[in-house]
1. What is the order of 210, 372, 146, fewest Cβ neighbours within 10 Å to most?
2. Take 245, 92, 250 and order them by how many other Cβ atoms sit within 10 Å, fewest up front.
3. How much length is gained on full extension from residue 57 to residue 28, taking 0.36 nm per residue of separation minus their Cα-Cα distance?
4. Shape verdict for the chain, please, from the Cα gyration tensor: rounded (a/c under 1.5), prolate (a/b greater than b/c) or oblate.
5. Quick one: order 75, 218 by neighbouring beta-carbon count within 10 Å, fewest to most.
6. From the convex hull of the Cα coordinates of segment 235-301, what is the mean projected area in square nanometres?
7. Taking a ≥ b ≥ c as the square roots of the eigenvalues of the Cα gyration tensor of segment 251-347, is the shape rounded (a/c under 1.5), prolate (a/b larger than b/c) or oblate?
8. Determine the distance separating the Cα centre of segment 2-70 from the Cα centre of segment 115-163; give it in Å without decimals.
Ligand code: PA5
């Protein structure tokens, strides 16, 4: 469950600031599939309608694969990567002590990163999950060439067949053809679900199954969110959030910072940035989505947040009630740092206290509006819940803004320039 607290934003009751009728109109437009980009609404009922047969096949393939490897190289970029990493970090934490470790490639063209990973994997047991809807994206494409060839060199063609899985388009993509030719297992990215909405499809679910994450629970969370978000008006918390951020945007705020006090939520922030940035950043409009981890960033950007330019940024703070783990602050006999007054308290207690103090400082002293989103925990159920919750929120928010939430024409422009400079055949 996610509760929206707007008491530190300066906004009045939302239905006094924004017409409920407009929310209802957009809700109807989303569910009737009559708005811009409505060919990409497959995610709306996906938590219930997902392909159960394919899900069972994925579980079987994942179970076989995870017994053979210690590392799974997940090759993908953007929507074919961020959700998996967000889920794995949030659910298992940053240093999981059991299960297959997920490592990422094809999310960069950095030579050093890629070459170091090749070296690192030389003496490791690893498999590959390559994820690309189009199958022709440059970054994962060139990375897959490298890691596939390395793996074949190491274990031979026959064994590599059992260690490589592709997640791609159902039939027309180049990667599907390549995987079929070479005998690799494949799973499907549905046509009507765009990259940034795809984490609950095989894109995220297959690698998470290999990692040993309970994906049934992820679906339970997403299904619960579907039930909780049935209202077509401002009693719907995802719509409250969508409306609140648009109202602040209309007041002149240009940046929204997604703030968490948990390191394992950093990649959720990255996933959220893509979801909102790619869905809304068009036609010269929209908030800039950014993210910070506190208290870490309070020791760098904190000064700016407290006293820098006013009226341009607001914070959306994710408050986590229950940490995945906790530990006590020990007593020190010498107490040279003067911190014995904290002995016996837990880190989470101190973290939550910091959060209270920061909220007060930023809103009351710093006049920085804070939307607070109350989360119960950081487990598998909560991950599924938040994914569906933010997907519904971004659809509403983008339609309020007046843009198509489901396209991303702007990302093609740099690609065209890059292809031209690289001499791609047919590109002028
Ligand atoms: O959201 C999107 O559409 C993008 O981020 C894509 O997921 C990303 O560009 C990767 O594309 P593909 O899966 O075709 O390799």
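1. Details: 210 25, 372 20, 146 16.
Least crowded to most crowded, the residues run 146, 372, 210.
2. Ordered by Cβ neighbours within 10 Å, fewest first: 250, 92, 245.
3. 6.9 nm
4. Oblate.
5. In order of increasing Cβ crowding within 10 Å: 218, 75.
6. 5.4
7. On the way: a/c = 3.95, a/b = 2.06, b/c = 1.91.
In terms of gyration-tensor shape, prolate.
8. 32
We did not get these values from a lab; they are worked out from the coordinates using the rules stated. Since the model is a prediction, treat every value here as computed from it, not as a measurement. Note: ideal-geometry Cβ built from the backbone for every residue, glycine included; neighbour counts use all protein chains shown.
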